[in-house]
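Taking it in order: structure first as structure tokens, then the write-up.
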Amino acid sequence: MMSMTSLKELLVNDGFEQTVSDTAAFISATVNKQSGLTGVALKGALAAATKVDSDILTKGSRRLLPELADSLDGLWQEYSAGDGTDFGSYLSGNSDRALDAILGVADRNADSISVPGLAKVYRGVRGKAAKVIEEELPEIGALVQKHAA
């Protein structure tokens, strides 16, 4: 039986910088379209983070994408072995596992944030971010699929 290519191998390649750029743009657009208390909290957190480093979304995406690819690899392998055509729908159908994979990476990295106050900001918006991520699973899957193809 042939082993499948890992999601990390598919994403961390010659097109990696474009994947990073698209991921940072997706995060920014997702935060900016939020409204109500969630929007205020997430936009405030993003503003605090970009005050520390104006390029934080790009740098964070570059740093976290390989780990995120590893974390989502089990779901990607199951999807690839099946006859699905839409990884976003697959993630939505397995939202508990997908959220655990994505938030696990975010949580592990939040614990090692060296910028004073930023870890506290993350902890403050984590619950709201989880809801947004769940709603955005179809788009996250589409972004992954676009760059893994």
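The values are calculated or read from the model by the stated rules, or taken from the named source; none is laboratory data. All values derive from a computational prediction rather than experimental measurement. Don't worry about glycine lacking a Cβ; one is built from the backbone with ideal geometry, like all the others, and counts go over all protein chains shown. The accessibility values were calculated without ligands, DNA or RNA, using every heavy atom of the protein model including side chains. Shrake-Rupley method; radii C 1.70, N 1.55, O 1.52, S 1.80 Å.
Among the criteria (1) open to solvent by 50 Å² or more (accessible area, probe 1.4 Å); (2) out of contact with any Gly (no Cβ under 6 Å at 6 or more places or on another chain); (3) not basic (Lys, Arg), the one Gly82 does not fulfil is (1). Please tell me if Ala41 is within 16 Å of the chain's Cα centre (by Cα) and hydrophobic (A, V, I, L, M, F, W, C). Spelling it out, it is not the case that Ala41 is within 16 Å of the chain's Cα centre (by Cα) and hydrophobic (A, V, I, L, M, F, W, C). Annotation for segment 122-141: no member residue is without any contact (Cβ under 8 Å) to a residue 24 or more places away in the chain, in contact with a helix residue (DSSP H, G or I) (Cβ under 8 Å, 6 or more places away or on another chain), in a loop (DSSP other than H, G, I, E, B) and open to solvent by 20 Å² or more (accessible area, probe 1.4 Å).
When segment 86-99 is filtered for residues that are under 23 Å from Lys146 (Cβ atoms) and part of a helix (DSSP H, G or I), the ones remaining, listed by number, are Phe87, Gly88, Ser89, Tyr90, Leu91, Ser92, Gly93, Ser95, Arg97, Ala98, Leu99.
Would segment 57-78 turn up any residue that is farther than 27 Å from Ala149 by Cβ, among the aliphatic types (A, V, I, L, M), open to solvent by less than 40 Å² (accessible area, probe 1.4 Å) and over 12 Å from the mean Cα position of the chain (by Cα)? Let's see the steps before the verdict.
As a first pass, look at segment 57-78 and keep what is farther than 27 Å from Ala149 by Cβ: none.
Within segment 57-78, not a single residue is farther than 27 Å from Ala149 by Cβ, among the aliphatic types (A, V, I, L, M), open to solvent by less than 40 Å² (accessible area, probe 1.4 Å) and over 12 Å from the mean Cα position of the chain (by Cα).
Would you mind stating whether Ser95 is in contact (Cβ under 8 Å) with a residue 24 or more places away in the chain, of a type in the set (S, T, N, Q) and open to solvent by less than 80 Å² (accessible area, probe 1.4 Å)? Yes.
Residues considered: Ser21, Ser28, Ser35. Of these, the only one that is under 12 Å from Val132 (Cβ atoms) and surrounded by fewer than 17 Cβ atoms within 10 Å (Cβ to Cβ) is Ser35.
Tell me yes or no: at least one residue of segment 106-120 is at positive phi and either in a helix (DSSP H, G or I) or open to solvent by 40 Å² or more (accessible area, probe 1.4 Å) (or both). Before you say what the answer is, go through the steps one by one.
So in segment 106-120, the residues at positive phi come out as 117.
Right, trim to either in a helix (DSSP H, G or I) or open to solvent by 40 Å² or more (accessible area, probe 1.4 Å) (or both) and you get 117.
Checked segment 106-120: at least one residue is at positive phi and either in a helix (DSSP H, G or I) or open to solvent by 40 Å² or more (accessible area, probe 1.4 Å) (or both).
Can you give me the ranges of the helices (runs of 4 or more DSSP H) entirely in segment 1-85 with at least 3 residues that are among the basic types (Lys, Arg)? Reasoning before the result, please.
Values: elements: 7-11, 16-32, 36-52, 56-81.
Counting at least 3 such residues, we get 56-81.
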